[in-house]
Structure formats: structure tokens, C-alpha cells
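Just below is one structure, and these are the notes that go with it.
The values are calculated or read from the model by the stated rules, or taken from the named source; none is laboratory data. In this text, all values refer to a predicted model and were calculated from it rather than measured experimentally. Positions of Cβ are generated from backbone atoms using ideal geometry, with glycine treated the same way; all protein chains shown enter the neighbour counts. We work out accessible area using only protein heavy atoms, side chains counted, and drop any ligands, DNA or RNA first. Shrake-Rupley method; radii C 1.70, N 1.55, O 1.52, S 1.80 Å.
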Amino acid sequence: MQISINRVKRHILTGDESFLRALGVSDAEGRVYDKKQAKFRQINRFLELIRDVEDKLPAGALRICDLCCGKSYLSFAVYHYFANIRGRQVRMTGVDRKPDVMEYGAGVAREAGFSGLEFLCGDITTYEPDEVPALVISLHACDIATDIVLGKAIALGSGVILSTPCCQKELLQNLDTHAFDFITKYQMLKKKCCDAATDELRLCRLEAAGYDAAALELTDPDDTPKNILLRAVKRPHFDADAPEAKEAKARFDALCTSLVGEKKLY
């Protein structure tokens, strides 16, 4: 008897979900469009990473925010995962500055019967949820928008943060050090170096704010070069005045200074 080694990966989503059809990911029969296969894999991988930190979330009703949510693929997928697959009570808000996109998302949510999912048009810097979110997510917020998302999530005291950065230009434009001249004299390598350094700075910032942080691979690099996910889980009983917390903050500040001098990255 021959055993096939070409096993089909079982995804959390099947493609037949109503919100995937409404978002143009799959057709009326639930078949994922060829041009949306990478997006489908990306969404499923994000849900797998959600599942990995599910035990870090509180019991009972969940408050979730998707900041700079854009077309909101993740808002719908995460809401569906918790509300329909896991059977939990969920209140979720997607926030973005584009009124037409938020109106579109609200329409899809109504069509899908996602009564606990809302979309607000506004600036995330001034957005204040009615309670501390257990989870903040963000997919491909461009450049310093990712840093704004992280800063907001930290300020809100979110228990878990999952963010996938997009383009990273701030450090590239403000790098002020000769330590990496052997790399940065080559423009392509300079960009790669600054991309990696930017995400490392973000992890250091999260750690200084009391989170256990890590960088993970979101999906296959062949699907998208933007395949890094930053995961942060808030440490219990964090004390910002504790010596180790002050040391972590000093390390972050020193790293910023070593890269850009007295400039402010964000």
C-alpha cells in the first residue's frame, strides 16, 4: 500500500464562510479564488497564531480591537473564530480613517450577522474603547502607523498584541550611525537592515512596556514579503518602577540613540 505524502493542509477556515464570499475571497460555492489563495492562507495562519495565544486571553466575554483595520479581513476572521467557532461572546471594533471602507465593513458585518462587530471611522490616536481590550490586532499598518498602533495598544493596556508591519521607512530615512557602514553602503542591504532593526526596536519597546515579545513568520515569503508578525503578551504584575523594567526602558532608549542620535523615530 502506498501512502501519499502530499497531504492537504487543513485550515481553520474552509472558504465557505459567508464573510469570505462577501469580501471577494471565495465564490458562491465556497471555492477560494486563485488570486486570493495567498490572502486565504494568510488569514488562516493569523488564526493559527491567535489560537496559540488563546490561553493568554481572559475567560468570559472578549473585547477586541483591530486598529488601522483597512478592508478588515482580519476583523471578520478573528470575530468569526471566537464567536462562531469557539462560541464565545465577543465585542470587536475595527477602527480606520477611511469612511467608505468603514461603511463597507459595517455592511458586510450586517450581512454576515456579526452583531458584535462594529466599525468606526476615526483616528486611532484619539480612539478610546469603553474597556481595556484583551486583544489588539493590526495587519500591515503602513510605516509608523504600526508604531502608532503599538503605542496605542500599550497605552490601552491590551493583554495581547498581534501586529504585522508593512513598509518601514522611518529608520531608513533617519539612520545616523557608522556602525553598519559595511552594510548600508549597499542600498538594498541598507533597506533590509533597517527593516530588521525597526522590528527589533518595536520588540524592545514592547518588552520595556511589560510584554513578552517575539517576531514570528506569518506566512510563506513566496506569498508576501511582509510576512513578519510581532506578538506581545503582557506580563502579569508588571511594575514600571521595578529595576528590570527601568533597565529595559534604558536599553530601548540607548538603542534608539545609537541608531538615530537625538532624533525621534515616532
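Of all residues in segment 19-48, those that are within 20 Å of residue 71 (Cα to Cα), part of a helix (DSSP H, G or I) and not small (Gly, Ala, Ser) total 16.
When segment 165-179 is limited to residues that are assigned to a loop (DSSP other than H, G, I, E, B) and open to solvent by 70 Å² or more (accessible area, probe 1.4 Å), the one that is nearest to residue 66 (Cα to Cα) turns out to be 169.
For residue 232, the stated conditions hold: it is part of a strand (DSSP E or B), at pLDDT 90 or above and at negative phi. One residue stands out in segment 23-43 among those that are open to solvent by 30 Å² or more (accessible area, probe 1.4 Å) and in contact (Cβ under 8 Å) with a residue 40 or more places away in the chain: the one that is farthest from the chain's Cα centre (by Cα), namely 38.
Applying the condition of being over 17 Å from the mean Cα position of the chain (by Cα) and among the β-branched types (Val, Ile, Thr) to segment 93-140 and asking which residue is farthest from residue 154 (Cα to Cα) yields 108. Remark: pairs (first residue in segment 242-263, at positive phi; second residue open to solvent by 60 Å² or more (accessible area, probe 1.4 Å) and of a type outside the set (S, T, N, Q); Cβ separation under 8 Å; 6+ apart in sequence or on different chains) = 261/176.
Any residue that is exposed (fewer than 14 other Cβ atoms within 10 Å of the Cβ) and within 24 Å of residue 63 (Cα to Cα) - is there at least one of those in segment 203-217? Yes, there is a match, as at least one residue in segment 203-217 is exposed (fewer than 14 other Cβ atoms within 10 Å of the Cβ) and within 24 Å of residue 63 (Cα to Cα).
Residue check: residue 46 meets all listed conditions (1) under 23 Å from residue 152 (Cα atoms); (2) modelled with pLDDT under 95; (3) open to solvent by 50 Å² or more (accessible area, probe 1.4 Å) but one, namely (3).
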